[in-house]
Amino acid sequence: MDAAQEPEENDLPYDVFSKACPSRGTLEHVTGRWGSLTLGALYEGSLRFNALRRRVDGVSEKMLSQTLHALERDGLVRREAQLTNPPRVDYELTPLGREVAERLLELIHAVEGRMDEVLCARRRYDEVRAG
């Protein structure tokens with residue numbers, strides 16, 4: 001599709017700024033703390049639940065489970081259960097999930113790369129508020 005055929009922003013059938021739009025829920029799943037970290041971790045490759053939980057430091061088992069269900073429902077994560085004893089379940093990104101994770105990782109790297117500035121701004125803000 002060339003640039004002339006790409007839909008204009010206003011021509012998209014969904015509008016995340018509308019409270020009734022289903023894209024808003026997906027955006028919440030993707031950009032919430034656990035969703036973004038889970039997608040970022042899975043970008044590195046397929047992981048089992050406990051390995052993913054260790055990678056996403058601080059997430060509870062319950063929250064990770066809920067996050068994975070939401071991301072799977074949205075078509076971003078694929079769950080593959082293998083019939084072994086004990087059962088083995090692996091999680092990996094779908095092609096859509098990989099595309100979304102790439103964009104999230106750009107944002108994550110931008111934030112990480114500018115943290116010195118952020119920390120300096122926080123100190124200035126706190127000094128003004130305290131002072």
Residue that is at pLDDT 95 or above, over 20 Å from Leu27 (Cα atoms) and of a type in the set (Val, Ile, Thr), where the choices are Val111, Val100, Val118: Val118
Residue, least open to solvent (accessible area, probe 1.4 Å), within region 68-123, restricted to residues that are under 17 Å from Phe49 (Cβ atoms) and among the β-branched types (Val, Ile, Thr): Val77
Residues that are outside any helix (DSSP H, G or I), open to solvent by less than 50 Å² (accessible area, probe 1.4 Å) and of a type in the set (S, T, N, Q), drawn from region 35-47: none
Pair list, Cβ under 7 Å, 6 or more apart: region 79-103 residue of a type in the set (D, E, K, R), other residue open to solvent by 90 Å² or more (accessible area, probe 1.4 Å) and part of a strand (DSSP E or B): Arg88/Arg48; Asp90/Arg48; Glu92/Arg78
Residue count for region 49-78, restricted to those that are in contact with a strand residue (DSSP E or B) (Cβ under 6 Å, 6 or more places away or on another chain) and not in a helix (DSSP H, G or I): 2
Any hit, region 91-99, residues being polar (S, T, N, Q) and assigned to a helix (DSSP H, G or I): no
Cross-chain or 6+ apart pairs with Cβ under 7 Å, region 16-34 first and assigned to a helix (DSSP H, G or I), then at pLDDT below 95 and of a type in the set (Gly, Ala, Ser): none
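The values are calculated or read from the model by the stated rules, or taken from the named source; none is laboratory data. The shown structure was predicted, so the numbers you read here are calculated from the model rather than taken from an experiment. Quick reminder, even Gly has a Cβ in these numbers, built from the backbone with ideal geometry, and neighbours come from all protein chains shown. Ligands, DNA and RNA are stripped out before the accessible areas are found, and what is left, the full protein with its side chains, is counted by its heavy atoms. Shrake-Rupley method; radii C 1.70, N 1.55, O 1.52, S 1.80 Å.
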